[in-house]
Amino acid sequence: MLRFLTAGESHGQALVMTLDGMPAGLQIDIDALNAQLRRRQGGYGRGRRMQIESDRAEILAGVRHGTTTGAPIALLIRNRDWVNWQQTMYVEAEMPEGASGARKTDVTRPRPGHADLAGAIKYGHDDIRNVLERASARETAARVAAGTLARQLLARFDVQIASHVAAIGDIVLPADRTVSFLEAQAVPDDAPLRCVDEALQQRMMAFIDAAKEAGDTVGGAFEVIATGLPPGLGSYVQWDRKLDGRLAQALMCIHAIKAVGVGIGPEVAIRPGSRVHDEIVPPASGAGRPVRPTNNAGGLEGGVTNGEDVRVSGFMKPIATLMKPLRSVDLNTLHEAPAAIERSDVCAVPAAAVVGEAMVAFVLANAFLEKFGGDSIDEIAGHYAATAELVRTRFATARGQAAPTR
């Protein structure tokens, strides 16, 4: 089983990630890993923090001579901003001599929409900084690192993942506009919002500018597409093995994601069945698996991959820190007070899409190992090839039989 844990605070010394279950023999591309970390930091509407950090992963264990050993992988991402926060975030009982930065006052005014109040009540904190430092989306850098390693495992078997931004506020790609994997893959990493429609992207940017001017924040939606997946990942036999449910949880746990769609998502509730379910037709070439003229199901039926592209969408609420803060209370007095202001973004949907790619990659890699598992890449490759041959033989044999009579 593939699993990971993260540790670290937004303004602490570093983020730490431990990944367990990665098979031996996978060549790791560190440059590609750091490229994904840079992608997470981009996007129009990001705040000043992204001008400070320049995330790079340091692999501490589990990789030798560029190849995984089968042992747990330990990874570190340093926070460059730590130098400005040492007097606030030191771990010792007393402030160390020579600690740099200014001492920040305690945070006592929770932000509506953030973990601040619920977390302070749950853990009994008087200073909400103990909550917001860990609840911060800064933690997703470590998730991107874990997901990128999983992504490199999938790439070894020709599975690729891309994403695009489908909406910012109420500026949305048309409902009948299906973005292909190749279109999403072709969106440049330095595109302001990674939207496939340039005219729409300009309108989205203007929408973000207006929100910034008003001291407000905006949300939006993104879609993650995975191509090259074999049929049969996941299962319908138990609720917690259904792959669509596992993907939904993986996206929903990303900061500020409040809804998830698979395939055409909420559209299934308003269309008739004849416009929802993907018909099954014979292969055009006379060989291979049956094919689908459409992919409304998003590559998943009954919690199992069906061989089509897997398509999942995340819907992100506006960020909880507003420069013109909402009403709140001071927890020391319970008197009304404006919510606290922390350095933040106006819009982080493009960044959330990159995190979404990582989380989808992780879940798919885990399902892949469940289906074709082994302790080494060579062992997994043998299982994968044998299964592919069984499927090929099955449909080749079926093609040789007479068509059933009606």
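Provide the per residue accessible area, probe 1.4 Å, for the chain, rounded to a whole number of square angstrom.
For the chain, the solvent-accessible area averages 50 Å² per residue.
Computed from the mean reciprocal separation of all distinct C-alpha pairs, what Kirkwood hydrodynamic radius does the chain have, in Å?
Answer for the chain: a Kirkwood hydrodynamic radius of 23.1 Å.
Using only Cα atoms and rounding to the nearest 10 degrees, what angle (0 to 90) does helix 349-372 make with the longest principal axis of the chain?
50 degrees
Divide, for the range 1-158, the radius of gyration over alpha carbons by 2.2 N^0.38 Å, where N is the residue count.
1.17
State, to one decimal in nm, how far the label point of residue 198 lies from the label point of residue 387, with both points 7 Å from Cα in the Cβ direction.
Taking the two extended label points, one gets 4.2 nm.
Suppose R0 equals 60 Å; then what is the FRET efficiency for residue 103 and residue 158 from their Cβ-Cβ distance, rounded to the nearest 0.05?
Efficiency for this residue pair is about 0.70.
How big is the range 62-148 by the Kirkwood estimate over distinct Cα pairs, in Å?
15.8 Å
Could you tell me whether the range 232-359 comes out rounded, prolate or oblate from its Cα gyration tensor? Rule is a ≥ b ≥ c as square roots of the eigenvalues, rounded for a/c under 1.5, then prolate if a/b exceeds b/c, otherwise oblate.
In terms of gyration-tensor shape, prolate.
Could you run the Karplus curve 6.51 cos²θ - 1.76 cosθ + 1.60 with θ = phi - 60° over the range 84-89 and give me ³J(HN,Hα) per residue in whole Hz, x for Gly and Pro?
So the J values, rounded to whole Hz, are 8, 10, 5, 6, 9, 10.
What is the extension gain from residue 276 to residue 395, computed as 0.36 nm multiplied by their sequence separation minus the C-alpha to C-alpha distance, in nm to one decimal?
Length gained, residue 276 through residue 395: 40.2 nm.
Rg to Rh for the range 126-183: what is it, with Cα atoms only and Rh by Kirkwood?
Ratio of gyration radius to Kirkwood radius: 1.16.
Given Cβ point charges of +1 (Lys, Arg) and -1 (Asp, Glu) and nothing else, what value in debye, to the nearest 20, does the dipole of the chain about its Cα centre take?
Here the chain has a charge dipole of around 640 debye.
Applying a 10 Å radius around every beta-carbon, put 93-102, 186-195, 62-71, 144-153 in order of their mean neighbour count, most first.
Top to bottom by mean Cβ count within 10 Å: 144-153, 186-195, 62-71, 93-102.
Can you tell me the FRET efficiency between residue 64 and residue 379 if r is taken as the Cβ-Cβ distance and R0 is 22 Å, rounded to the nearest 0.05?
Working from the Cβ atoms, E equals 0.75.
So how many Lys-Lys pairs in the chain land under 19 Å Cα to Cα, not counting same-chain pairs under 8 apart? Let's see the in-between values first.
On the way: 212/317; 212/324; 242/371; 258/317.
The number of close lysine pairs in the chain is 4.
For the chain, which whole-number percentage of the solvent-accessible area (1.4 Å probe, protein heavy atoms only) is attributable to carbon and sulfur atoms?
53 percent
Using the charge dipole of the range 80-160 (Lys, Arg: +1 at Cβ; Asp, Glu: -1 at Cβ; taken about the Cα centre), state which of 119, 153, 91 has its Cα farthest towards the positive end.
Of the candidates, 153 comes out farthest on the positive side.
How high is the FRET efficiency from residue 90 to residue 27, r the C-beta distance, R0 51 Å, rounded to 0.05?
My answer for the efficiency is 0.85.
The values are calculated or read from the model by the stated rules, or taken from the named source; none is laboratory data. Predicted model, so just to flag it, every value in this text is computed and none were measured. Reconstructed Cβ throughout: ideal geometry from the backbone, glycine too, with neighbour counts over all protein chains shown. Heads up: the accessible areas ignore ligands, DNA and RNA and are worked out on the full protein's heavy atoms, side chains in. Shrake-Rupley method; radii C 1.70, N 1.55, O 1.52, S 1.80 Å.
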